[in-house]
Amino acid sequence: MPDLCGKGKTWNLLITGKPGSGKGTQASLLIQNLNIKHISTGEIFRREMQSDSELGRQVKTLVQKGELVPDPLTNAIVKKALQAKDYPHGFLLDGYPRTKDQAVMLDEMLQELKLKLDGVIQIRASDQTLLSRLAGRRVCTNCQETYHIVSHPPQVEGICDKCQHPLIQRPDDQEAAIKIRLDVYNEKTRPLLEYYQNQGLLWEINGEQDPESVYQEIIKKLGSD
Ligand code: AP5
Ligand code: MG
Ligand code: ZN
């Protein structure tokens, strides 16, 4: 296995893909093993909604319906996370950018901070795969750890292995919201693949394998970068 976190090594990465393609699952492996900061806009919004903050109340209807949160709000959250500079080994942006405006804004933020992206990991999976992954997904109400009733069940049904809090289905994992999320992906986010392909940054990963094999494929790409 290549030495990916040797002295002074940093990774500034994006992970993208359709809803349910496995971004969060791979993100938790990557951030642990590369010791990098996880910036998931979806998770940030869910935490804010859970704590019923002003931001949480502002975004709740949109997120639960499967619509995007407006760009200015989302960009401001990412800017704050990047400006914190609390990621000596790098970061992994998960679920951001999702629109052309966000991608342009991210480029500006990185330029300001004198940072560069090392790669964009695209997890590819068919719609049929996504639907069964989303239907079986359960998430912890406390630590947001993700499970799947078939491929990654918790040790005790309905309870998080890590913190023993109850697991729930995400409200946006209902059929109607999934359809909207897929449509939004195809219309707004898919065009970004070309944007990053043109910059020579896109790494296509086969997401139709078990999580460990997907992870190994990503690591191979990192090692050959
Ligand atoms: P976000 O949280 O980013 O949701 P998403 O993109 O729809 O993706 P998911 O989190 O649903 O799926 P995932 O790819 O992480 O898959 P996971 O690893 O969980 O965004 C939610 C909402 O927030 C948006 O709709 C929007 O409203 C708002 N938002 C967020 N970012 C925004 C932005 N930038 N701009 C505007 N609005 C924004 O895996 C899914 C399931 O499959 C799990 O059960 C898992 O255990 C299982 N699984 C994973 N990999 C495998 C595998 N290889 N084999 C078998 N099972 C697997
Ligand atoms: Mg996710
Ligand atoms: Zn938990």
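The values are calculated or read from the model by the stated rules, or taken from the named source; none is laboratory data. All of these numbers come straight from a predicted model, not from anything done at the bench. Methodologically, a virtual Cβ is constructed for each residue, glycine included, from the backbone with ideal geometry; neighbour enumeration extends over all protein chains shown. These area figures cover heavy atoms from the full protein model, side chains too; ligands, DNA and RNA do not enter into them. Shrake-Rupley method; radii C 1.70, N 1.55, O 1.52, S 1.80 Å.
Among the residues of the range 128-142, the ones that are surrounded by fewer than 17 Cβ atoms within 10 Å (Cβ to Cβ) and closer than 18 Å to P166 by Cα come to 3 in all. Remark: Q169 matches the filter, which requires a residue to be within 22 Å of G17 (Cα to Cα) and surrounded by fewer than 16 Cβ atoms within 10 Å (Cβ to Cβ). Filtered by the rule that a residue be away from ligand 2 (no atom under 16 Å from the Cβ), on the phi > 0 side of the Ramachandran plot and touching a residue at least 60 places away in the same chain (Cβ under 8 Å), the range 87-118 gives a lone residue, G90. Scanning the range 185-225 for residues that are in a loop (DSSP other than H, G, I, E, B), open to solvent by 70 Å² or more (accessible area, probe 1.4 Å) and not polar (S, T, N, Q) yields R190, E208, D210, D225.
Table: residues versus (1) under 20 Å from Q32 (Cβ atoms); (2) within 18 Å of the chain's Cα centre (by Cα).
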position: L134; (1), (2): no, yes
position: C143; (1), (2): yes, yes
position: P153; (1), (2): no, no
position: G158; (1), (2): no, no
position: P166; (1), (2): no, no
position: D173; (1), (2): no, yes
position: R190; (1), (2): no, yes
position: E217; (1), (2): yes, yes
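The rows are residues; the columns are (1) open to solvent by 40 Å² or more (accessible area, probe 1.4 Å); (2) part of a loop (DSSP other than H, G, I, E, B).
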| residue | (1), (2) |
| --- | --- |
| L93 | no, no |
| V104 | yes, no |
| K116 | yes, yes |
| I123 | no, no |
| V156 | yes, yes |
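Checking each residue in the range 127-145 for being within 7 Å of ligand 3 (Cβ to nearest atom) and outside any loop (DSSP other than H, G, I, E, B) picks out only C140.
Okay, residues lined up against (1) touching a helix residue (DSSP H, G or I) at 6+ places or on another chain (Cβ under 8 Å); (2) more than 8 Å from ligand 1 (Cβ to nearest atom); (3) without any contact (Cβ under 8 Å) to a residue 24 or more places away in the chain:
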site: I31; (1), (2), (3): no, yes, no
site: S40; (1), (2), (3): yes, no, no
site: E43; (1), (2), (3): yes, no, no
site: E48; (1), (2), (3): yes, yes, yes
site: K60; (1), (2), (3): yes, yes, yes
site: V63; (1), (2), (3): yes, no, no
site: T74; (1), (2), (3): yes, no, no
site: K79; (1), (2), (3): yes, yes, no
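Any residue at all in the range 203-217 that's among the polar types (S, T, N, Q) and over 30 Å from K116 (Cβ atoms)? No: zero hits.
Only a single criterion out of (1) surrounded by 14 or more Cβ atoms within 10 Å (Cβ to Cβ); (2) closer than 25 Å to E67 by Cβ; (3) at pLDDT below 95 is not satisfied by A176, namely (1).
Taking the criterion of being among the hydroxyl-bearing types (S, T, Y) and either under 24 Å from I219 (Cβ atoms) or within 13 Å of ligand 2 (Cβ to nearest atom) (or both), the residues of the range 28-51 that qualify are S28, S40, T41.
Considering the conditions (1) at pLDDT 95 or above; (2) farther than 25 Å from E67 by Cβ, V150 is excluded by exactly one of them, (1).
When V150 is tested against (1) in a helix (DSSP H, G or I); (2) loosely packed, with under 12 Cβ neighbours inside 10 Å; (3) hydrophobic (A, V, I, L, M, F, W, C), just one condition goes unmet, and that condition is (1). Across the range 170-184, a minimum of one residue is classified as part of a loop (DSSP other than H, G, I, E, B), within 16 Å of ligand 3 (Cβ to nearest atom) and either in contact (Cβ under 8 Å) with a residue 12 or more places away in the chain or more than 27 Å from M49 (Cβ to Cβ) (or both).
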